[in-house]
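All remarks here apply to the structure that follows.
Taken together, the values in this text are just the output of simple stated rules run on the coordinates, not laboratory data. Not measured: the values here are computed from a predicted model. Virtual Cβ from ideal backbone geometry, glycine too; neighbours counted across all protein chains shown.
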């Protein structure tokens, strides 16, 4: 989610809160209830802003990542028993995003092995996630990127 999308979502949330306040105020309620509706609407607007702004720096669960991704891995941080945090480039490749995977010993071992293989080959590590994280057991989640093919040899010498 980009900052532009966040602003649109905040504006939509604020408009909905104001609509709820308008409905409550127009319903012929007494003055105390009208002021209560206005106060609750203001609290809802502030809560929408604070909740979305708070989410900006935290990894999002990988299960919410749309579609299937196959991206380079910038970094991996593992917190045993909690989660595996993975930083990958966004779709455009210009900015990193952070994802969290639920802790799994098998996935953690696979990530360590893929990193070791990638370091040995001199290539990067990659992650492949299917939609809703449903990968067949035989397909690795983390893997070392293959070495690029060498350019074709020229037959004749100039």
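For this structure, a couple of remarks:
- Compared with the direct C-alpha span, the chain from residue 149 to residue 72 gains 25.9 nm at full extension, assuming 0.36 nm per residue.
- Two-site FRET efficiency, residue 43 against residue 12, from Cβ-Cβ distance with R₀ of 25 Å, rounded to 0.05: 0.90
- Potential extension, residue 94-residue 110 segment - 0.36 nm per residue separation minus Cα distance: 3.1 nm
- Neighbour counts of other Cβ atoms within 10 Å put 155, 80 in the fewest-to-most order 155, 80.
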